[in-house]
1. Give me Rg/Rg_expected for region 132-229, where Rg uses Cα atoms only and Rg_expected = 2.2 N^0.38 Å with N residues.
2. Excluding same-chain residues fewer than 8 positions from LYS77, which lysines have a Cα within less than 30 Å of its Cα?
3. Measuring from centroid to centroid over Cα atoms, what is the spacing of region 273-298 and region 301-358 in Å?
4. At 1.4 Å probe size, put GLU296, GLU74, GLU55 in order of accessible surface, largest to smallest.
5. Would you mind computing the Rg to Rh ratio of the chain from its alpha-carbon coordinates, Kirkwood style for Rh?
6. Relative contact order for region 248-350 using alpha-carbon pairs under 8 Å, separation at least 6, rounded to a whole percent?
7. Determine which aspartates and glutamates satisfy two conditions relative to LYS298: a Cα distance under 19 Å, and not lying fewer than 8 residues away in the same chain.
8. Among TRP136, TRP102, TRP154, what's the order by accessible area (1.4 angstrom probe), most exposed first?
Amino acid sequence: MIAFLHGSRRGSTDQRFANRRFVRYWLYIVFLMLIVIVLVGGITRIMGAGLSITEWQPIHGIIPPYGQNQWDEEFLKYQQITQYQHLNPNMTLAEFKHIFWWEWVHRLLARAVGFLIALPMTFFWLTGRLEKMVKWRLVSILLLCFLQGFIGWWMVTSGLGRSQLVRVSQYRLAIHLVMGCVIITAVLALARGLVEHTGQSVVRSIQRFAGLLVVLAFFQIYLGALVAGLHAGRVYTTWPMMDGHFIPDGLLHLQPLWRNLFENVLTVQFVHRFFAYLLLAFAIIHALNVAKHLPETKHARRALFLLILVFMQMITGIITVLLEVPLVWGLIHQVFALIILSYSVVHWTATKGALPLPS
C-alpha cells in the first residue's frame, strides 16, 4: 500500500511498468469520458439544443435552474435569440426544459473531465509515477481541455445576440468537434504509448501510412462537421447520385469560389461523400500493403479490421442520408467516425511501439 501511494522514482523496471499500467488505465477512463462528451454533444446538435443556455458561467452554471421563477427567467433569455423566434416560436416551457437538460449535461460532463484529468494527474505527479515525457504531455492535454471550453462558448456565441443564424456557425462547430477529436487522440495515443507492444518491427513507410490514415480520419470528421452544421444531410437524400447526377451542377455557384467548400450545401455534402471513397481507397491500399510485408501479424489484422470499419462507416453514412438523418442513425454514424479515428490511432501507435522507458 505504501509503495502504491509513493510510487517509485528510482524503482525497478517492474515497478515502472506498474506505474505505467496505473496511468494507462486512468487514461482509458478519460478517453471513454471524452467519447461520451462528444456523443452527448452530437445529440445536443441534432436536437438543436446547443443554444438553449445563452450564458457561459463556468462555476455558477453547474447549478441548474430550480423553481418556476428561475425556469421562466431562463426560458425568457432563450426567447430573445433568433433560433427561438424563427424556428421555435410555439415552444412550451416543458419543451424548452427538454433541450436545456441535454445542453446542461453536455457542459457538466465537459467540466467533469477537467477534474478527471487534473486530480489524478496531480496524485500521480506527487507520488512519482509520471515520467518526464508523460508529465508535459498531460499538461498539454489539460490545457487543450481548457481551450476547448473557450472554443465551445465561442461556437455558441455565433448563434446568440444579434446573429441572424438559427443555429451555430458551421465553421465554429467544425473547429469545436475537431479540437475534441484532437484531445481524444492525444489521450489515446499517450495511453497506447505506455503499452508494451510486441511483435515484428514495422518499417517506417508503413508507420507513416498508418499515421496518414489518422490524418485522413480527422479530415473526414471535419468535413462531416460542416455537413452537420449546415444540415446538408437532410437536403440531398439520394445515393449514389446527388440531385440526379454523379457530379451535380451548382458545385461552384457561390463567389468567391472558396465559400462553396464551407457554405454551399451541395458542395459540402459532395466533398464529404467523395472523401469517404478516398478514405476507403487508402484503407484498402494500406491493408494490402501490410498483409504483403507483414503477413499473419497483429499489424496485418489491425489494418484489415480498420478497413472493415471504414467500409461499415460508409454504409452507415449512406443509410443515414437515405433516411434523412434521424437521431438514431445520425448518432450511429458519429459513433463509427469516433471508432475509426480511435482504432486508427491504436493501429498507428502499435506500428511505432511503446514509449521508451527512462534510463
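1. Compactness ratio reported: 1.38.
2. Reachable lysines: LYS97.
3. 13 Å
4. So the residues, ranked largest to smallest area, are GLU296, GLU55, GLU74.
5. On the way: Rg = 22.7 Å, Rh = 22.4 Å.
Radius of gyration relative to Kirkwood radius: 1.01.
6. Averaging sequence separation for qualifying contacts and normalising by length gives 19 percent for region 248-350.
7. Those aspartates and glutamates meeting the cut-off are GLU196.
8. Order by accessible area, largest first: TRP136, TRP154, TRP102.
The values are calculated or read from the model by the stated rules, or taken from the named source; none is laboratory data. Bear in mind the structure is a predicted one, so any value in this text is a computation, not a measurement. Note that we place each Cβ from the backbone using ideal geometry, even for glycine, and neighbour counts take in every protein chain shown. The protein model used for the area step is the full one, side chains on, heavy atoms only, and it has no ligands, DNA or RNA in it. Shrake-Rupley method; radii C 1.70, N 1.55, O 1.52, S 1.80 Å.
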